[in-house]
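Only one structure is covered here, and it is reproduced in the block below.
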Amino acid sequence: MGHFTGPRSKVARRFGEPVFGPDKVLEKRPTPPGQHGANKRRKKVSEYGVQLREKQKAKAIYGMREKQFRLFFERAKAKQGITGDILLALCETRLDNVAYRLGLAATRAGARQLVTHRHVTVNGKVCNIPSYIVRPGEVVSIREKDRDMVSVADALKVHKSPVVTWLSWDESTMQGTLLSVPERAEIPENIEVQLIVEFFSR
């Protein structure tokens, strides 16, 4: 099954959050999708339902499929430390997410496309794997002959510098560096990772 290509605003309304980035539709219609919206009587959500919803939200934010997200969880579980925090750190250091955080694209989906179309380099070498985990000290950039792309220039005008402390950006060379693996407090996404851990631990 491929990535979701339907109306993203409807998904954002379902979660009540702009999971794909700023969304004017969500601002105008904050109620859940459906004929009756907020007026529809909804049953009390079970504990399982709450956990499932949080997992689905995290998948939507990072644009990951179920199998890949579970593999990331298993990878996080095998490491020493707090599994949920490690899981989020792995998601944040994916190449497509790093490109998004650096401001090379307006959305994660746009950043993923830049990577798959071979416009992004890691340490000077083209990398077209969105799930590649960037390591501290590695340099991410747009391929030199693609630096005049209109989409990249427009995105960088909006994002002058990374909004996170674990990345640095050199505007003169158009290169970003991962300074360190992000801690949970340094990740701005509104995700209750403990609920995800509980879901996969059932």
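Counting the residues of region 146-198 that are within 30 Å of THR83 (Cα to Cα) and touching a residue at least 12 places away in the same chain (Cβ under 8 Å) gives 30. Please list, ordered by first then second residue, the pairs with beta carbon atoms under 9 Å, 6 or more apart or interchain, first in region 62-79 and surrounded by 12 or more Cβ atoms within 10 Å (Cβ to Cβ), second acidic (Asp, Glu). Listed pairs, sorted by first residue: TYR62/GLU92; TYR62/ASP96; TYR62/GLU189; GLY63/ASP96; ALA76/ASP85. Inspection of region 162-173 finds a residue satisfying the criterion of being of a type in the set (A, V, I, L, M), touching a Leu at 6+ places or on another chain (Cβ under 8 Å) and closer than 14 Å to LEU95 by Cβ. Any chance you could count how many residues in region 46-62 are polar (S, T, N, Q) and in a helix (DSSP H, G or I)? Adding up the residues that qualify gives 2.
Residue under question is VAL134, and the condition is that it be more than 27 Å from ALA76 (Cβ to Cβ) and not charged (D, E, K, R); does it hold?
No.
All but one of (1) of a type in the set (Lys, Arg); (2) touching a residue at least 40 places away in the same chain (Cβ under 8 Å); (3) within 15 Å of THR177 (Cα to Cα) hold for LYS125; state the number of the condition that does not hold. Looking at each condition in turn, LYS125 falls short on (2).
Every number here is computed from the coordinates shown, using simple stated rules; none is lab data. The model shown is predicted, which means the values in this text are computed figures rather than measured ones. Heads up, the Cβs are rebuilt from the backbone with ideal geometry, glycines too, and the neighbour counts pull from every protein chain shown.
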